[in-house]
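Note sheet for the following structure.
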Amino acid sequence: MRYQNATAYRFLAPYLLIFSIFWLWPIINSFLISFQATRTVPWRFAPTFNWGRLIGDPAFFNALKNTLLILVIQVPVMITLAIVMAVLLNSPLLKARGLFRFAFFAPVVVGEVAYSAVFRLMFNLDYGIINKLLNSVGLPRIDWFSNVTPAMAVIMIAVTWRWAGYNAIILLAGLQSIPQDVYEAATLDRVSKLKQFFYITLPLLKPIIVFCAVLSIIGTMQLFTEPFLITERGGPGGGTETLGLLLYRQGFRSLNFGYASAIAYTMAGLAIAISLVQLWLTREPK
Amino acid sequence: MAAVTLKNVVKRFGVFEIVHGANIDVEDGEFVVFVGPSGCGKSTLLRMIAGLEDISGGEIAIGGKVVNNVEPADRGIAMVFQSYALYPHMSVEQNLSFGLRMNGNPKADTERRVKRASEILRIAELMKRRPRQLSGGQRQRVAIGRAIVREPQVFLFDEPLSNLDAELRVQMRVEISRLHKELGVTMIYVTHDQTEAMTLADRIVVLNAGNIEQIGAPLDLYDDPANRFVAGFVGSPKMNFLAAQVVGNDGNATLLELANHGGARLQKPLSGAPPAVGAEVVLGVRPEHFFEAGEGDCDIAVKADVAEHLGSVSYVYANAGAAPGANAGPEELIIEREASRQRATGDHMVVSIKAGQSLLFDKSGARIR
């Protein structure tokens, strides 16, 4: 038996080695680095140096506020939209279902830089299609990238566009696993389609919705591409700087690895905490 | 309570016609079973009565009112599904009351109906449980309970027992029979199991490939089937079919020669016109209608292949037409023997057929009376 286990571990060894060097060690090491002052030569152990700075850093709180704001507004909107899309995709009335399924999923496949460039163009002040549309219905054009609120809106719209379809496909799989005869029983019980949605579909879909929400929370906590590329490094004036962007700025612009590590651990901790709260709030009653 | 009438009911899926003009009259308070092999259209017929499938042609009336364009919920029916179709996220109590609550039924009345259903089905102690915490039989009871609280005029059952084990099936069969007596409501029940049909039904509708083969009381179908399909489908073990040829006609009797039994002949009296001499026919004999050699009108020799001993009776699976020393014949016969007369495997035996306890069919399967 022991010999058999040893053989198994020998086969696993190449993977475990790579995993240890490139995953496990960086995770441990960054935790250790977060307790070191890394802008002195040599680095020195200073447990409160980075963590102390974090607590009093307005840039950190600004990034935290921005990240949570996006989380609180964008994730519920996106999940709601994804549920609506999934229900529409699941409708027996829909023709060319495969085409729509692909179309909704396609944004995930598009390269991040390309999609960011397109969004920058679409929301351009002078010749973006969005302002042209606003003008055409008699509304004034908006300077999307010079003010914080519209810039935040652009990020939320972009993230929603990119990920709503992805979540819709996951939710669609959940919808399709709900047996049809449950709906037939409800139809015989004179339960309207709308009530069937709220009293049968949503409760039965809950585990999948929670799964999508947790994935989205983790994704949003790490949000980087959109504020980096669409609103040009968290502009205007740090108004859309997220925790991910702050981490990048500290770690790779200022080469302050200790502080960046502390930010990274804060992000991970927050994602875990929020996900746990989410799971606890939506747990199955005994 | 209500009668259910089907007039020339047709169902098509695209170009495929599944049900070809069904005519059925279910009387008020009657228990009617639709039975037939898989794909015969029996479930489709039931779902059309429920309103879950559109009717492609013909007319369905419940309680004298044509319901072709009436919503399922307004037809006065309740349905029990094969898979139970319970709401998995609701307790038993919520499952029972869901429909009533959603329709704003007064709370006191809802409670009364749920209580009554739980008492009828003896599920009062399960009310707080979720469906996944119930056994198959308990789930089926809850599904029936959900139908009861609707206080329908007609109960529809779609193969309700096919997901249960053999013992539970017998138990639930008795319960459904009891329920019918207690409620006195019209019930239409779909099954592929002819035993269920025989034990539950006031009348059976035998379906085959979208056609109604015969409608009648269980024993009428057993004793007097309209054709070879019904004769073969009703009864367990199945009726034996022996190939034969008409070799002569004498007044009201026809003389048959059994093709696989070395020229054994049987004089079979008929009430109608006998088939032409030389016609190929099929003689149907139920397993219990084989007698000891010399007791009947025609003796045949068979070789016992396998014997199933059930205690009170034994079923001998025998190869017909195999004289001692010969190879196995082309026809396998199932012969019922009393336990005391059981044969060992490999035995040669001679059994006897009585003309009065056999049925004659022409080549197309139609009955020759």
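How much mean residue ellipticity at 222 nm does chain B get from its helices, if each DSSP H run of length 4 or more adds -39500 (n - 2.57) and you divide by all residues, to the nearest 500 deg cm²/dmol?
Taken over chain B, the calculation gives -7000 deg cm²/dmol.
Filter the cross-link list B:LYS11/B:LYS42; A:LYS95/A:LYS195; B:LYS7/B:LYS65; A:LYS193/B:LYS107; B:LYS7/B:LYS42 down to pairs whose alpha-carbon distance in this structure exceeds 19 Å.
A:LYS95/A:LYS195; A:LYS193/B:LYS107
³J(HN,Hα) across the range A:222-236 via Karplus (A = 6.51, B = -1.76, C = 1.60, θ = phi - 60°), whole Hz, x for Gly/Pro?
Running phi through 6.51 cos²θ - 1.76 cosθ + 1.60 with θ = phi - 60° gives 9, 3, 9, 4, 5, x, 6, 9, 7, 9, 6, 6, x, x, x Hz.
How long is the gain from B:GLU182 to B:LYS7 if the chain were fully straight, where each residue apart is worth 0.36 nm and the alpha carbon distance is subtracted?
Computed gain between B:GLU182 and B:LYS7 is 60.0 nm.
Per the Cauchy relation, a quarter of the hull surface: what is the mean projected area of the convex hull of the alpha carbons in the range B:10-49, in nm²?
Computing the convex hull of the Cα atoms and averaging its projections yields 3.2 nm².
Counting only other residues whose beta carbon sits under 13 Å from that of A:THR38, what net charge do I get with K and R as +1, D and E as -1?
Summing Lys/Arg as +1 and Asp/Glu as -1 gives +3.
Suppose a student asked you for the relative contact order of the range B:4-233, using Cα pairs under 8 Å spaced at least 6 residues apart; what percent would you report?
In percent, rounded to a whole number, it is 29.
Once amide H atoms are placed 1.01 Å from N in the peptide plane, what residues at a sequence separation of 5 or more from B:PHE290, or on another chain, have their amide H within under 5 Å of its amide H?
B:GLU336
What percent do you get for the relative contact order of chain A when only Cα pairs under 8 Å and 6+ apart count?
27
Per residue of B:149-159, count partner chain C-beta atoms within 10 Å of its C-beta, then hand back the mean as an integer.
Partner Cβ neighbours, averaged per residue: 1.
Quick one: compute a quarter of the convex hull surface over the Cα atoms of chain B and quote it in nm².
Across all orientations, chain B yields a mean hull projection of 22.3 nm².
Give a residue-ordered list of calculated ³J(HN,Hα) values for the range B:304-315 (Karplus: 6.51 cos²θ - 1.76 cosθ + 1.60, θ = phi - 60°; whole Hz; x for Gly, Pro).
Ordered by residue, 3J(HN,Hα) equals 5, 9, 9, 10, 9, 9, 9, x, 5, 9, 10, 10 Hz.
Between B:MET79 and residues 5 or more places away or on another chain, which pairs have amide H atoms under 5 Å apart, with H built 1.01 Å from N, and which residues are they?
B:LEU156
What residues qualify as long-range amide H neighbours of B:PHE34, i.e. H under 5 Å apart, gap of 5 or more or another chain, H built at 1.01 Å from N?
Hits under the 5 Å cutoff: B:TYR189, B:VAL190, B:THR191, B:VAL205.
Suppose each label sits 7 Å from its Cα in the direction of the beta carbon; what would the B:ARG122-B:HIS20 distance come out to in nanometres?
4.6
Which ordering of A:VAL108, A:VAL214, A:VAL87, B:VAL316 is given by a fewest-first count of other beta-carbon atoms within 10 Å?
Placing the least packed residue first, the sequence is A:VAL108, A:VAL87, A:VAL214, B:VAL316.
On a 0 to 90° scale, report how tilted helix B:107-120 is relative to the longest principal axis of chain B, with both axes built from alpha carbons and the result rounded to the nearest 10.
30
Can you report the principal axis dimensions of chain A using only the alpha carbons, biggest first, rounded to whole angstrom?
74, 72, 35
Please list, in order along the range A:5-17, the HN-Hα scalar couplings obtained from phi with the Karplus expression 6.51 cos²θ - 1.76 cosθ + 1.60 (θ = phi - 60°), rounded to whole Hz, x for Gly and Pro.
4, 4, 4, 4, 5, 5, 5, 7, 3, x, 5, 4, 5
Please give, to one decimal in nm, the separation of the simple spin-label points placed at B:SER364 and B:ARG129, each 7 Å out from Cα toward the Cβ.
Going by the 7 Å Cα→Cβ label model, 5.5 nm.
Have a look at the DSSP beta bridges in the protein assembly as shown and tell me what percent are antiparallel, nearest 5.
Given both bridge residues lie in the protein assembly as shown, the antiparallel proportion sits at roughly 80 percent.
Can you say what percent of the DSSP beta bridges in the range B:4-233, counting only those with both residues inside, are antiparallel? Round to 5.
55
Where does helix B:136-149 land angle-wise versus the long Cα axis of chain B, in degrees 0 to 90, nearest 10?
60
Would any residue of the range A:174-217 have its amide N under 14 Å from a label point 7 Å out along Cα→Cβ of A:LEU93? List them or say none.
Taking a point 7 Å out along Cα→Cβ of A:LEU93, the residues of the range A:174-217 whose backbone N falls under 14 Å are A:193-194.
If I fit a long axis through the Cα atoms of helix B:166-183 and take the longest principal axis of the Cα atoms of chain B, what angle between them do I get, 0 to 90°, rounded to 10?
Here the helix axis deviates by roughly 60 degrees.
Taking 7 Å along the Cα-to-C-beta vector as the label spot, tell me the A:ARG10-B:GLU288 distance in nanometres, rounded to one decimal.
7.1
Would you kindly give the portion of the calculated P(r) for the protein assembly as shown that falls above 37 Å, as a percent of all Cα pairs?
61
Can you pull out the trypsin sites (Lys or Arg not before Pro) in the range A:1-74 that DSSP calls coil and that have at most 15 other Cβ atoms within 10 Å?
Answer in residue order: A:ARG39.
What lysines sit close enough to B:LYS354 to cross-link, taking a C-alpha to C-alpha distance under 28 Å and skipping anything fewer than 8 places away on the same chain?
Candidates past the 8-residue exclusion: B:LYS238, B:LYS268, B:LYS303, B:LYS363.
Restricting to DSSP H runs of at least four residues, report the calculated mean residue ellipticity at 222 nm for chain A, -39500 (n - 2.57) per run over all residues, nearest 500 deg cm²/dmol.
-22500 deg cm²/dmol
Here, each number is a calculation from the coordinates, and none is a lab measurement. Since we're looking at a predicted model, the values are computed, not measured. With ideal geometry, Cβ positions are generated from the backbone for all residues, glycine too; neighbour counts draw on all protein chains shown.
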